[in-house]
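S.K.: Pasting a structure below so you can have a look.
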Amino acid sequence: MKTDTKKSILKLAAVISVLALGGATSALAGTVGGSVTAINTLGETDHAAITIGSSTPGANNGQTDTIVVDGTIDNNSDTGWKLTVVSTNVGKLKKGSGGAGREILYTNVKFVATGAGTLGAGLTAPNQNKDITTGNGDTGASAGTIIFNTGSAVGTHGTATTATVGYAYALKISWSSDLTLLAGSYTDTLSLTLANDP
């Protein structure tokens, strides 16, 4: 009986050995993937030509929320984005080199979303009104420069979980009536720069 048991154990071992060899597979592992290209695009629909109005006595040449720039923003940074606005005349529309009767102080620039597109999930909409004559006290801003960003404050970036796509915006200015203005064209140059919010 011992011999039969030994033979049975040997046969069983041989069967297990054959099954192990026949059932063996080979495996390979490797990393696959690639990169998503960074997107940081500032589209501008228009730097608007605005109507200032008349300085005729009794007329009001002041304006509220006049659109001076509008466009779209596309950005896929996971820290969100910031839009820096620089006024060459530090918040003034000027006739020539400016001076008495030749300057319209608009002080504030308002950033508003105009409804189209999407702001990246997790980001804060930068719908704000900022004083461009002082830089609004924002970190990295100065007189003539303001920053609109998608974090909780300038200098604090956001945390995006999706990209900002075709986010439509407008920049608006307002000014008070001034009947002492001389006739002519009044201008300022606004420069806009879109960057990832570090």
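S.K.: Would you pick out the residues in the stretch 72-110 that are part of a loop (DSSP other than H, G, I, E, B), under 30 Å from Thr164 (Cα atoms) and of a type outside the set (S, T, N, Q)?
M.R.: Within the stretch 72-110, Asp78, Gly80, Val90, Gly91, Tyr106 meet the criteria.
S.K.: So, Asn136, is that one out of contact with any Ser or Thr (no Cβ under 6 Å at 6 or more places or on another chain), of a type in the set (S, T, N, Q), crowded, with 19+ Cβ neighbours inside 10 Å and touching a residue at least 40 places away in the same chain (Cβ under 8 Å) or not?
M.R.: No: the conditions fail for Asn136.
S.K.: All but one of (1) outside any strand (DSSP E or B); (2) at pLDDT below 95; (3) not acidic (Asp, Glu) hold for Val69, so report the exception by its number.
M.R.: The number of the failed condition is (1).
S.K.: Just give me the residues in the stretch 151-198 being surrounded by 15 or more Cβ atoms within 10 Å (Cβ to Cβ), part of a loop (DSSP other than H, G, I, E, B) and in contact with a His (Cβ under 9 Å, 6 or more places away or on another chain), in sequence order.
M.R.: Scanning the stretch 151-198 gives Gly151, Asp197.
S.K.: Looking at the stretch 31-66 only, could you name the residues that are modelled with pLDDT of 70 or more and among the hydrophobic types (A, V, I, L, M, F, W, C)?
M.R.: If the condition is that a residue be modelled with pLDDT of 70 or more and among the hydrophobic types (A, V, I, L, M, F, W, C), then Val32, Val36, Ala38, Ile39, Leu42, Ala49, Ile50, Ile52 are the ones that fit.
S.K.: Let me ask something additional. When the residues of the stretch 92-127 are narrowed to those that are within 18 Å of Asn75 (Cβ to Cβ) and polar (S, T, N, Q), which ends up surrounded by the fewest Cβ atoms within 10 Å (Cβ to Cβ)?
M.R.: Once the filter is applied, the top-ranked residue is Asn127.
S.K.: Filter the stretch 139-150 down to the residues that are surrounded by 15 or more Cβ atoms within 10 Å (Cβ to Cβ) and not in a strand (DSSP E or B) and list them by number.
M.R.: If the condition is that a residue be surrounded by 15 or more Cβ atoms within 10 Å (Cβ to Cβ) and not in a strand (DSSP E or B), then Ala141, Gly144, Thr150 are the ones that fit.
The values are calculated or read from the model by the stated rules, or taken from the named source; none is laboratory data. All of these numbers come straight from a predicted model, not from anything done at the bench. Quick reminder, even Gly has a Cβ in these numbers, built from the backbone with ideal geometry, and neighbours come from all protein chains shown.
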